[in-house]
Amino acid sequence: MKITFDRLVLVLIIAVAGIYIGKYFYQKPQFVNGQKALDFKALTISNQNFQLSDLKGNYVLLDFWGSWCGPCRMENPQWVALNNRFSGQKLPKAQGFHIVSIAIERNAESWKRAIEYDGLNWPLHILDQTSSMKFFNSPIATLYKVRALPSNYLIDPQGMIVGVNLSPEEVEKRITQ
């Protein structure tokens, strides 16, 4: 059976398309708007106990990032600006706005240096230590089924997810409506 060049090209196109479609579905967030945010407990960078449900009544941005993630680091100045605008302010439908940054890391020192270098000036920084960047097997990343960075979830004052992988501009629009 002779394989023609046209058939070979067609097979390659189908294979590449299959890989990209599979990657999209694998990395796609597993939670959508209207679902209840899953509660978790963790220690913050200042060694304080944290529980997500303690922020009920506020808008909360869960920002999954890493010191090693270029796109995450490029987005950080925008999150800092958003935090500076809304930290400590009462919002139309909420007591306030909080960013909870969850770093998926292997190295705690790199995480701390990135927080300082990027000027991440909010107190809720959590290290979600992983042993495999390929599979994001850390506890909170596993709970939220994070498979790609950056990833984020906007949670409303009632604890419901109201946005997934939003830009800082989209977050601002949603929390001020």
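The values are calculated or read from the model by the stated rules, or taken from the named source; none is laboratory data. A quick note: this is a predicted structure, and the numbers were derived from the prediction, not measured. Backbone-built Cβ (ideal geometry, glycine too); neighbour counts: all protein chains shown.
Among the residues of segment 65-120, those identified as charged (D, E, K, R) and outside any loop (DSSP other than H, G, I, E, B) are 73, 75, 85, 105, 109, 112, 113, 116, 118. Across segment 121-155, what is the number of residues that are touching a residue at least 60 places away in the same chain (Cβ under 8 Å) and either outside any loop (DSSP other than H, G, I, E, B) or within 14 Å of residue 83 (Cβ to Cβ) (or both)? Selection size over segment 121-155: 15. When 63, 156, 128 are checked against the criterion of being closer than 17 Å to residue 44 by Cβ and at pLDDT 95 or above, 63 stands alone in meeting it. For first residues located in segment 78-106 and in contact (Cβ under 8 Å) with a residue 24 or more places away in the chain and farther than 17 Å from residue 125 by Cα, partners that are aromatic (Phe, Trp, Tyr) and crowded, with 18+ Cβ neighbours inside 10 Å and lie 6+ apart or on another chain with Cβ distances below 7 Å form the pairs 86/97; 91/59; 91/97; 94/59. Per the listing 113, 73, 85, the residue uniquely surrounded by fewer than 22 Cβ atoms within 10 Å (Cβ to Cβ), at pLDDT 95 or above, among the basic types (Lys, Arg) and touching a helix residue (DSSP H, G or I) at 6+ places or on another chain (Cβ under 7 Å) is 73.
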